[in-house]
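This report concerns only the one structure given below.
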Amino acid sequence: MTRVGRDFGDTMQKDAVPAVSADVIFSSSRFPNYKIGANNQIVEAKDEQKVLSMKEVVARETAQLLEQQKRLSVRDLASKFEKGLAAAAKLSEEARLREAASLEKHVLLKKLRDALESLKGRVAGRNKDDVEDAISMVEALAVQLTQREGELMQEKAEVKKLANFLKQASEDAKKLVDEERAFARAEIENARAAVQRVEEALQEQEQMSRASGKQDLEELMKEVQEARRIKMLHQPSKVMDMEHELRALRAQLTEKSKNSVRLQKELAMSKRGLEQNSQLYELDGPEALGSYLRIQPCSDDAPELSKCSIQWYRVSSQGGKKELISGAIKSVYAPEPFDVGRILQADISLEGQWLTLTTAGPIDPAAGLGSYVEALVRKHDIEFNVVITQMNGVNHPSESIHVFHVGKMRIKLCKGKTTIAKEYFSTSMQLCGVRGGGNAAAQALFWQAKQGLSFVLAFESERERNAAIMLARRFAFDCNIMLAGPDDRAPIETNGAP
């Protein structure tokens, strides 16, 4: 039996084991730590700390990327995909290095097995059994290494597939980034255009405001100048003193003219009184609007007026033109607004002879009637309380209160909610004071709403009766309608001014 000494290992390493090629590069400076497991399987000893494989790391990173994809912006997503692509390239490089290391391990195992086969022929006995066990272990290690190479190949294919996916995703992300960048540029251009339009509008508005401000300033300067002029006018000066003197002179002249007219009337009345000593009748009553004139006998030899024929006329105070007052054939006549400024004349026919009576001067207006009418004109609809005394020439028995509405375009007569008559201004409508009727004639008027429908209305006062006539004629004149009494053809004027 061959005896193995203590220096056998060194001798075998020097003589029997051939030298390893110098071009072999080992990935580690120490031999891996292997153990024999169940069924004589060689198991690599695990370290205490568990190290994740690159496949698991990539899968975990991919899952994290997919989870964060929804809340990442396009730019961040592109950055993540680029990082993943870099990680895939790194994995591919590590797989290539592992493939090179695996090739080195195969070469090493082959050389180790050749060395053990060579040693097996040189030893015998128990050492030979140890060598055979070592050969079996090397072969099992080669099988396991082959399995690991298959797994590495599959892992390499998956890593390549993942790298392609990440590359495509990175390209898509770049496209999205380019699209978003183009959209953002378009939005920026639109915003710049909008800002430019706003700036132009602001400049235009500023120019307009400057122009309007200049115009307002000019108007303000004019107002200031006018205010200064008015202030100067109101300040005591010689001009103001002269104006006050002129006003005083005008007031004195007006007073003297009134006195002159009054004296003329008194003179005419005195002359008429002297003449009436030989006349049978005279006119009695104030010669002013709101009163009435009555023919009275002034001699015991005067016949009764019921046996005489009477006709009233209005005579122009300037030209002496005489106009017949249709229907005025009574001994009493109440002047209406149309008679203001004219002279009234009454012709009396007695046994084939004519007797003429005239007023001393023109009929005077009623005091304050003009301002009262102007105040009523501002209203849309003016109401007067009246009583119907006649309807279509027949006495009306009822004395109930009615409302007489004078509007801008029509006249209406109502009793409560019942409308008695309602007509718009027309050529067939007539309105004038009652021509006769005793002491109440100054408070009554005649209204023909249309052909076949007429009323005699009594008002509460002479002022309201004359105001109603003046308002109705004024509104009718605005509608191009000449509103007067029967057979009146003279132009209508707004008389009765104070």
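At a glance:
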item: Residues of segment 322-359 satisfying the condition of being open to solvent by 40 Å² or more (accessible area, probe 1.4 Å), of a type outside the set (A, V, I, L, M, F, W, C) and under 13 Å from Gly485 (Cα atoms); result: Glu323, Gly327
item: Residue ID - most open to solvent (accessible area, probe 1.4 Å), chosen from residues in segment 439-463 that are more than 20 Å from Ser398 (Cβ to Cβ) and in contact (Cβ under 8 Å) with a residue 60 or more places away in the chain; result: Arg463
item: Test: residue in segment 385-395 that is under 17 Å from Leu483 (Cα atoms), assigned to a strand (DSSP E or B) and not assigned by the TED database to the domain that holds Tyr292; result: no
item: Residue match in segment 362-380 (condition: assigned by the TED database to the domain that holds Lys450, surrounded by fewer than 18 Cβ atoms within 10 Å (Cβ to Cβ) and farther than 26 Å from Phe475 by Cβ); result: no
item: Some residue of segment 131-138 being out of contact with any strand residue (DSSP E or B) (no Cβ under 9 Å at 6 or more places or on another chain), assigned by the TED database to the domain that holds Leu162, modelled with pLDDT under 70 and surrounded by fewer than 18 Cβ atoms within 10 Å (Cβ to Cβ); result: no
item: Verdict on Leu344 being modelled with pLDDT of 90 or more and either closer than 28 Å to Ser306 by Cα or out of contact with any His (no Cβ under 8 Å at 6 or more places or on another chain) (or both); result: yes
item: Pairs, first under 15 Å from Ala421 (Cβ atoms) in segment 387-406, second open to solvent by less than 50 Å² (accessible area, probe 1.4 Å) and of a type in the set (Lys, Arg), C-beta under 9 Å, six or more apart; result: Val403/Lys412; Phe404/Lys412; His405/Lys412; Val406/Lys412
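Results for (1) in the same structural domain as Ala87 (by the TED database); (2) out of contact with any Gly (no Cβ under 8 Å at 6 or more places or on another chain); (3) assigned to a helix (DSSP H, G or I); (4) open to solvent by less than 100 Å² (accessible area, probe 1.4 Å), shown as yes or no for each residue.
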position: Glu155; (1), (2), (3), (4): yes, yes, yes, yes
position: Ala163; (1), (2), (3), (4): yes, yes, yes, yes
position: Arg185; (1), (2), (3), (4): yes, yes, yes, no
position: Lys222; (1), (2), (3), (4): no, yes, yes, no
position: Arg229; (1), (2), (3), (4): no, yes, yes, no
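This table checks each residue for (1) among the aliphatic types (A, V, I, L, M); (2) out of contact with any Lys or Arg (no Cβ under 7 Å at 6 or more places or on another chain); (3) open to solvent by 40 Å² or more (accessible area, probe 1.4 Å).
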position	(1), (2), (3)
Thr389	no, yes, yes
Val394	yes, yes, yes
Ile401	yes, yes, yes
Arg410	no, no, yes
Cys414	no, yes, no
Lys422	no, no, yes
Phe425	no, no, no
Val434	yes, yes, no
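The values are calculated or read from the model by the stated rules, or taken from the named source; none is laboratory data. Remember, it's a predicted structure, so these values are computed and weren't measured experimentally. Heads up, the Cβs are rebuilt from the backbone with ideal geometry, glycines too, and the neighbour counts pull from every protein chain shown. Heads up: the accessible areas ignore ligands, DNA and RNA and are worked out on the full protein's heavy atoms, side chains in. Shrake-Rupley method; radii C 1.70, N 1.55, O 1.52, S 1.80 Å.
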